[in-house]
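The values are calculated or read from the model by the stated rules, or taken from the named source; none is laboratory data. Since the model is a prediction, treat every value here as computed from it, not as a measurement. FYI the Cβ positions are ideal-geometry reconstructions off the backbone, even for glycines, and counts take in every protein chain you see. What goes into the accessible areas is simple: the full protein's heavy atoms, side chains included, and nothing from ligands, DNA or RNA. Shrake-Rupley method; radii C 1.70, N 1.55, O 1.52, S 1.80 Å.
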Amino acid sequence: MKDRTRLNHPPRVEVPADNPPLVAPIYQSVKFEYPSVAETLRGARHEREGFFYSRSGNPTTRQLEVTLAAMQGRDDAVVCASGVGAVAQTLLTLLQQGDHVLCFAETYGPTRTLIRRTLKRYGVTHTMLSIEDDAGIERELAATPTKLVIFESPTNPVTKIADIARITRAARQHGALTVLDNTLAGPHQHGQYDVDLYVHSLTKYVSGHGDVMGGAAIGSTELIHKLRGEFSLIGGTLDPHAAFLMQRGLKTYYLRYESQTASAQKVAEFLAGHPAVGRVHYPGLPQHPRHALARKQMRDFGTVVAFDLLAGGTAGDRLADTLKLFSIAASMGSPESLIIPPGLLGPRELPPALEAASGIAAGTVRLAMGLDDPEDLIADLAEALESIRA
Ligand SMILES: *Cc1c(COP(=O)(O)O)cnc(C)c1O
């Protein structure tokens, strides 16, 4: 063998079965080989275990999938390249021409646009209600044959709480599938409800470091099997290195989520007592309209706090420009604390009644807690609120 051929076929290091690495390794390989054509064909027919091509399966992304499924308390999961990818690929898998979708004014923007624009092009119709309109949801499911209900709790940014038991009961009764975008609550919450599929942006709390994007759908063996086939055709595959970083992020998931939730509670309480602030939107506050429901449904109230500045106009922008510890940036669940001023939250381009239901006012600001000490965050907010008043 010549040198260049030998370099291309090096000796392999095998890890003994009784000597596993403590950290799940990165299988940064697109291809996997079987010992023969016969075994390769058996692999392709799913008659034996193994991997072949990373778009349809890779041990590192698989490790992340089984971890997430266990965390959410379901059979299986399939991961993909972003949270929006998880939403889009799930809806494209489950819906066909002529189907009807129930969705909500408070829903994450790209999901609403996907339903209103993209799915409309494929002949999928929808009804949009407010997530707090429980009677309306029940009426709509009884009146209109509906394939699927997609909803969130808490909603982004004003943390409205869906009555998950009531929505899933009505959907089950009328034969509609439920898809809960569980991103804000995180995969450790809401597993006790009769939800068919959970979708997540892993970019937020699972990654936890603001340095990698990913998404997941989690549910029964049957539904995930169906999704996996279509996800592999649509092709928004999660890279194994990204899956490794997600798996690393998960090691500190509870520490981060609990710490950021504790900060959110303190910041929300501070804001609720501040004269420049109107409503504070945080499910952990007793004055939140669905605090009791949130207590019943949630283990942790979450890391996002929104509030309405009494002064309209440019007050929100000036606040964002004045704060030192909150970066003006999208997303949540990162080490850094973040702020989104009113101009970046709306408008939602909805009919007036639904625009009002979305809960975003002219002075609404969204905060996402990072890992900063909450006393420093409160001092920063106190100083900035004082300086924009002067
Ligand atoms: C961020 C987010 C998404 C989209 O996730 P990406 O990873 O940014 O694509 C979807 N739903 C909700 C509720 C989100 O907050």
Would you check if Ala69 is touching an Asp or Glu at 6+ places or on another chain (Cβ under 9 Å), within 16 Å of the ligand (Cβ to nearest atom) and in contact (Cβ under 8 Å) with a residue 60 or more places away in the chain? no
Just the residues that are of a type in the set (Phe, Trp, Tyr) and either under 19 Å from Leu245 (Cβ atoms) or open to solvent by 50 Å² or more (accessible area, probe 1.4 Å) (or both), please, taken from the stretch 31-78. Phe51, Phe52, Tyr53
Among the numbered conditions (1) closer than 27 Å to Pro351 by Cα; (2) out of contact with any Gly (no Cβ under 6 Å at 6 or more places or on another chain); (3) within 16 Å of the ligand (Cβ to nearest atom); (4) in contact (Cβ under 8 Å) with a residue 60 or more places away in the chain, tell me where Leu102 comes up short. (3)
What are the pairs, 6+ residues apart or on separate chains, where a residue within the stretch 182-211 that is in a loop (DSSP other than H, G, I, E, B) has its Cβ under 7 Å from a residue that is at pLDDT below 95 and not hydroxyl-bearing (Ser, Thr, Tyr)? Leu184/Asn156
First in the stretch 158-170 and farther than 16 Å from Ala105 by Cβ, second anywhere and buried (at least 24 other Cβ atoms within 10 Å of the Cβ) and among the polar types (S, T, N, Q), Cβ under 7 Å, 6 or more apart: Ile164/Ser153
Scan His200, His174 and give me the residue that is within 15 Å of the ligand (Cβ to nearest atom) and at pLDDT 95 or above. His200
Subset of the stretch 204-229 [in contact with an Asp or Glu (Cβ under 8 Å, 6 or more places away or on another chain), within 14 Å of the ligand (Cβ to nearest atom) and open to solvent by 10 Å² or more (accessible area, probe 1.4 Å)]: Gly210
From Ala382, Ala311, which residue is assigned to a helix (DSSP H, G or I) and open to solvent by less than 80 Å² (accessible area, probe 1.4 Å)? Ala382
Could you tell me which residue of the stretch 230-247 is nearest to the chain's Cα centre (by Cα), considering only residues that are crowded, with 19+ Cβ neighbours inside 10 Å and in a helix (DSSP H, G or I)? Met246
